[in-house]
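Taking it in order: structure first as structure tokens, then the write-up.
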Amino acid sequence: MTDTTALQRFRAGLLIYKDRRIILIALMGIASGLPLLLTLSTLGYWLRTQGLDLTSIGLFAVVGTPYALKFLWAPVIDKISLPLFTAKLGQRRGWALFIQILLMAAIASLGFTDPVVALAPVAILTTSIGFLSASQDVVLDALRIELLEEDEQGAGAAATQGGYRIGLLISGAGVLFLSDFVSWAVVFVCLSGFMTLGMLAVLLVKEPDHPKTAEIRDMKTFMKVGVISPFSEFLVRPGAFVILTFVLLYKFGDAIGGTMANPFYVDMGFTGTDIALVSKTAGIIATMVGVFAGGVLVRAIGLFLSLVIGGILQAATNMLYAWVAVSGTDVSVLAIAIWGDNFTGGLGSAAFIAYLSVLCNREFTATQYALLTSFMAFGRTLLSTPSGWLVEQVGWVEFFIMTSFLAVPGLVLIFVLSRYKAYKPTKSAD
């Protein structure tokens with residue numbers, strides 16, 4: 001590859017962010033991020049300000065369950081038509097707009113409930129928001145994948161991740177700030193209003209083409225076409241189980257290290273202000289820069305090399321936390337570690353999400369992508385459970401050094417996967 005060609009590819013990687021589809025995908029990412037943090041930390045904050053007891057607040061953690069189980073109803077979104085909506089807008093846009101309307105109404109309604117007087121309406125609405133949010137992710141992920149060509153998936157992943165984090169900021173820091181000045185009813189109505197960004201994007205984007213499948217006339221046909229075929233088509237591919245192992249292990253080192261991040265900050269003696277400014281604010285910016293750099297990299301050098309570079313950098317920057325452990329309460333060292341780790345984590349995520357997107361057969365996009373991401377999330381959560389025990393056995397310095405080496409199996413599997421037809425590097429890597 002000549003220097004001229006390399007520069008042209010990097011320039012093309014940057015210019016793709018001006019593409020109308022990428023901008024609309026970023027807006028859809030904001031709509032995906034908004035309800036996620038609402039059902040996690042923001043919900044607990046609101047319930048506590050209303051005077052709800054801690055035991056009851058703890059029970060609301062269950063509203064996050066749909067994110068791990070979304071593959072169960074993804075076939076419905078993939079194959080079943082909605083009266084009026086899909087006829088007018090198409091399968092993806094129709095389902096997306098329908099879900100967003102319900103989500104907007106549920107978020108706004110939450111502000112008019114009183115969790116102390118009547119907890120049941122709050123439980124129903126928050127559970128509905130969790131279910132609808134996970135369902136929105138299913139359809140918007142499918143829409144993103146089908147809108148873009150193979151060598152554009154990195155930029156699409158970056159736009160989604162960037163928009164997603166803006167949504168998290170709005171429903172996290174933005175909501176908490178606003179709640180100091182106006183009532184919670186106004187806060188939730190304003191938050192629901194931001195969902196119009198996603199709705200506008202869905203209305204403006206073009207419905208992607210879909211491969212023709214058998215018409216769904218009965219439950220037997222639905223089970224065959226919508227449920228069995230997506231799973232069987234994936235599992236019979238060459239290297240299917242190697243792919244699934246890679247999905248579990250590519251970000252394993254980051255996952256097990258990230259689980260212990262906040263306890264590590266406390267043990268090192270950093271204040272809440274240090275953590276908020278460096279980790280929760282500057283770290284988010286670093287992640288966003290990383291995901292957009294990852295999108296450029298995938299476009300410029302291809303998916304295969306981007307996964308390798310992202311994996312190596314993710315492993316290397318885990319070592320920075322060992323430096324923090326040796327340095328003690330040095331905020332400048334903490335800042336370098338968090339910026340480096342979040343940047344490379346974002347870069348690796350863009351390449352990884354692009355890879356998962358390329359794996360999906362466009363006849364079953366929603367179902368297969370939901371399956372892969374649910375498998376990834378469940379596996380990483382389960383595999384990181386021994387992290388606390390490991391720290392207690394070896395100490396913080398050795399722990400973070402070990403997390404770097406935990407990335408090695410994932411890197412090795414990239415080269416194994418390159419042998420299989422199921423792995424498709426982008427055209428720019430040819």
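Annotations
- C-alpha center-to-center spacing [region 313-354, region 1-59] in angstrom: 20
- Between region 355-396 and region 75-137, the alpha-carbon center distance in angstrom: 25
- If you run the Gaussian network model on the chain, springs between alpha carbon atoms under 10 Å, then out of 262, 318, 361 the most flexible one is 262.
- Within the accessible area of region 138-178 (1.4 Å probe), percent carbon and sulfur: 66
- Annotation: per residue accessible area for the chain equals 43 Å², rounded to a whole number [probe 1.4 Å, protein chains only].
- Over all pairs of different C-alpha atoms in the chain, the reciprocal of the mean inverse distance, the Kirkwood hydrodynamic radius, equals 22.6 Å.
- Among residues other than residue 90 with Cβ under 10 Å from its Cβ, the summed charge is +2 (Lys and Arg +1, Asp and Glu -1).
- For the set 149, 392, 207, 363, solvent exposure ranked by accessible area (probe 1.4 Å, protein chains only) runs largest to smallest as 392, 149, 363, 207.
- With a cut-off of 11 Å between beta carbons, the residues surrounding residue 145 carry a summed charge of -2, where Lys and Arg count +1 and Asp and Glu -1.
- With DNA, RNA and ligands ignored, accessible area of residue 166 (1.4 Å probe; Å², nearest 10): 70
- Choice from 330, 137, 341 showing the highest fluctuation, given a GNM over the chain with Cα pairs closer than 10 Å: 330
- Distances between every pair of Cα atoms in region 240-353, grouped in 10 Å steps from 0 to the bin holding the largest one, split as 15, 43, 29, 11, 1 percent.
- For the chain, adding -39500 (n - 2.57) for each run of n ≥ 4 DSSP H residues and dividing by the number of residues yields -22500 deg cm²/dmol at 222 nm.
- Counted residue by residue at 0.36 nm each, then reduced by the alpha carbon distance between them, the extension gain from residue 48 to residue 330 reaches 98.2 nm.
- Exposure ranking of 319, 195, 288 by accessible area [1.4 Å probe, largest first]: 319, 288, 195
- Max mean-square fluctuation residue, GNM over the chain, Cα-Cα springs under 10 Å, options 329, 127, 287: 329
- Cα shape, region 1-105, gyration tensor, a/c 1.5 rule: oblate
- Per-residue packing, averaged as other Cβ atoms within 10 Å, sorts the ranges 47-56, 351-360 into the order 351-360, 47-56, beginning with the highest.
- At R0 = 35 Å, FRET efficiency that the Cβ-Cβ distance of residue 149 and residue 382 yields, to 0.05: 0.50
- For residue 323 and residue 210, the FRET efficiency from 1/(1 + (r/R0)^6), where r spans their Cβ atoms and R0 equals 45 Å, is about 0.35.
- The Kirkwood radius of region 105-244, taken over pairs of alpha-carbon atoms, gives through the Stokes-Einstein law at 4 °C and 1.567 mPa s a diffusion coefficient of 69 µm² s⁻¹.
The values are calculated or read from the model by the stated rules, or taken from the named source; none is laboratory data. Everything quoted here is computed from the prediction, not taken from an experiment. FYI the Cβ positions are ideal-geometry reconstructions off the backbone, even for glycines, and counts take in every protein chain you see. Quick note on the areas: whole protein, heavy atoms, side chains included, nothing else; ligands and nucleic acids left out. Shrake-Rupley method; radii C 1.70, N 1.55, O 1.52, S 1.80 Å.
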